[in-house]
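Okay, so here's the structure we're looking at.
The values are calculated or read from the model by the stated rules, or taken from the named source; none is laboratory data. Because the structure is predicted, anything quoted here is derived from the model rather than measured. A quick note on method: Cβ atoms are made from the backbone with ideal geometry, for glycine too, and the neighbour counts reach across all protein chains shown. SASA here: full protein model, heavy atoms, side chains in, ligands and nucleic acids out. Shrake-Rupley method; radii C 1.70, N 1.55, O 1.52, S 1.80 Å.
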Amino acid sequence: MTVDDLERLPDDGRRYELVDGRLDVSPAPVSAHSLTEARLCQYLGFELAPAEFIVMQGAGINFNADRTHHRIPDVVVLNETDFEQPYLTRPPLLAIEVVSRESVLRDHHIKFREYAEFGIQAYWIVTPDDEKPGILEFRLKDGEYREVQQVIGEDVFATDFPFPVKLVPYWLLAKGPWRKRIGGEDD
């Protein structure tokens, strides 16, 4: 299969990706996954990203010229100059995957390897768990991802790439004043 074949599949809420010409189907995300994705996009895109950056949900990326390897990270951050239509063909600066029960192996191992090989400079794996929400940050060094940090719960995740970010994993899913508290600031 190629990306052209994906365009003929039903728009049924599932995520259709390609791995070496084979279809990889993920179920529609549950509400905790969707809320986490939306808050990440809102906070990074509208509150933190400098004007020359784009933060997007659901951006398709063609990993090869024959268009048989196509992934859709939950959230990507890219330079505005790297935006392409209909799909990205250059590595974004950051790919974020929000883990669901069905995606643990894919996000922690398969996409981990694929994103590194494609040259995505940073990769976050976000766990939207009520009791232990967390963020794992990896950076590309010598073609492989190295863990930079793991932050859980109400501790502050702080990074400088692709731009300065402070983020409390707890507020990606918690009820209450998340907009006010997600960056780690007190009332």
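Starting from 0.36 nm per residue, how many nanometres of slack lie between L105 and V148 once their C-alpha separation is accounted for? Don't skip to the end; give the middle numbers.
Numbers: separation 43, 0.36 × 43 = 15.48 nm, distance 2.01 nm.
Between L105 and V148, full extension yields an extra 13.5 nm.
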- Roughly speaking, what is the stretch gain from E117 to D20, that is 0.36 nm per residue apart minus the C-alpha to C-alpha distance, in nm to one decimal? 33.5 nm
- Label-point separation, A38 to D82 (7 Å along Cα→Cβ), nm: 2.7 nm
- Query: Which order do peptides 150-158, 20-28 fall in by mean Cβ count within 10 Å, highest first?
  - Reply: 150-158, 20-28
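Could you tell me which of rounded, prolate or oblate describes the chain, using a ≥ b ≥ c as the square roots of the eigenvalues of the alpha-carbon gyration tensor, with rounded for a/c under 1.5 and, failing that, prolate when a/b is larger than b/c and oblate otherwise?
It comes out prolate by the Cα gyration axes.
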- Task: Using the Cα centre as the reference, give the magnitude of the dipole from point charges on the C-beta atoms of region 1-104 (Lys, Arg: +1; Asp, Glu: -1; all else neutral), rounded to the nearest 20 debye.
- Result: 240 debye
- Between the modelled labels at A28 and D66 (7 Å from Cα along Cα→Cβ) the distance in nm is 3.5 nm
- Item | Net dipole in debye of the chain [+1 Lys, Arg Cβ; -1 Asp, Glu Cβ; about Cα centre; nearest 20] | 180 debye
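Using the heavy atoms of the protein chains alone and a 1.4 angstrom probe, what is the accessible area of region 26-151 per residue in square angstrom? Provide the component values of the computation, followed by the final result.
Values: 6060 Å² over 126 residues.
For region 26-151, the per-residue accessible area is 48 Å².
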- Task: Take the solvent-accessible surface of the protein heavy atoms, probe 1.4 Å, and return the percent of it on the chain that carbon and sulfur atoms account for.
- Result: 48 percent
- Note on the structure: Extension length gain for D4 and A51 (0.36 nm per residue less Cα distance), in nm, is 13.7 nm
- Message: Give the lysines whose C-alpha is closer than 28 Å to that of K175, dropping any in the same chain fewer than 8 places away, or say none.
- Response: K132, K166
- Could you work out how far helix 31-42 tilts from the main Cα principal axis of the chain, as a 0 to 90 degree angle to the nearest 10? 80 degrees
- Query: Between K180 and K132, how many nm apart are label points set 7 Å from Cα along the C-beta direction?
  - Reply: 3.1 nm
